[in-house]
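Everything below concerns the one structure shown next.
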Ligand code: SAM
C-alpha cells in the first residue's frame with residue numbers, strides 16, 4: 001500500500017529546484033507544518049502545484065530556518081475536459097465558502113469573482129479576503145484528493161472581468177433565469193468557457209443588457225430559480241458531466 005502523506009499545495013517556484021535540494025519552507029506552510037501539525041525532523045509530506053507536479057519532501061529542522069529536502073518530480077495526470085472558469089458575483093461568506101468547496105470538488109479550473117451592483121458583500125481591495133478563499137480551496141482540494149485547487153483571482157468589476165476574459169478567447173455566458181437558451185445548447189464543449197452568475201438579488205437589467213452587448217450569451221439553468229451559490233455549481237456540474 002502506498003504511504004499516505006499530508007498534502008500541501010504550493011507555489012510552482014518551490015518545486016523548480018533539483019532533486020535533493022534543500023529549500024526554505026515558505027511562511028504559510030511553516031505555520032501549518034510546524035505550529036499546527038508539529039511534524040518532526042525527517043517527516044515526509046507531499047507538495048503539489050498548479051502545474052500538476054507532485055514532490056515528496058522531507059522536513060528539515062536543523063540549519064538557520066525550517067526547510068524542505070525535495071524528492072523527485074512526479075507528473076500527475078491532469079483531469080481531461082473542458083477548461084471552465086466560474087465568474088460568480090460575491091455573496092455572503094457562508095454561502096461563498098460552500099460555493100468554493102463544491103467548485104473544487106467538481107473541478108472548476110478558475111474562480112474569477114465579480115462585484116456587481118446588487119452584491120451585499122464587498123471586499124474592496126482587502127487581500128485577506130482572497131487569501132481566505134484560497135485557503136478554503138486548498139482545504140477542499142486536500143479533502144477531495146483532487147489535483148491542484150482552482151486558481152483564484154481577486155474580485156473585480158464586471159467590466160474589468162469581461163475585458164480580461166474576452167481576451168482569453170473563452171466563450172462567455174451569463175446565467176439568466178427565464179432565458180430561452182439552455183446552457184448546454186449554447187456552450188461548445190470543445191472550447192473553454194466562462195460562466196457569469198449573479199448575487200442573491202441577481203444582476204440588474206442594465207448589467208445583463210451590457211453583458212449581452214459585449215457578446216456574452218445569456219443561458220438558463222432550468223425552470224427553477226436557483227440560489228446564488230447553487231447556480232454556478234449547477235452550471236459546473238452540467239458542463240463536467242457532459243464531457
Ligand atoms: N430574482 C433574481 C433574478 O431574477 O435574477 C434571482 C437571482 S438568483 C438567486 C442568483 C443568480 O443565479 C442569478 O443572477 C442567475 O445568474 C443565477 N440563476 C438562478 N437560477 C437560474 C436559472 N434557472 N437559470 C439561469 N440562471 C439562474
Residue under question is residue 189, and the condition is that it be buried (at least 20 other Cβ atoms within 10 Å of the Cβ), in the same structural domain as residue 152 (by TED's automatic domain parsing) and more than 15 Å from residue 106 (Cβ to Cβ); does it hold?
no
Could you pull out the residue among 142, 217 that is in contact (Cβ under 8 Å) with a residue 12 or more places away in the chain, in contact with a strand residue (DSSP E or B) (Cβ under 7 Å, 6 or more places away or on another chain) and more than 30 Å from residue 75 (Cβ to Cβ)?
217
If you go through 194, 231, 175, 235, the only one that is in contact (Cβ under 8 Å) with a residue 24 or more places away in the chain, surrounded by 22 or more Cβ atoms within 10 Å (Cβ to Cβ) and farther than 18 Å from residue 98 by Cβ is 194
Residues of segment 151-162 classified as out of contact with any helix residue (DSSP H, G or I) (no Cβ under 6 Å at 6 or more places or on another chain) and outside any helix (DSSP H, G or I), total:
5
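The values are calculated or read from the model by the stated rules, or taken from the named source; none is laboratory data. Since the model is a prediction, treat every value here as computed from it, not as a measurement. Reconstructed Cβ throughout: ideal geometry from the backbone, glycine too, with neighbour counts over all protein chains shown.
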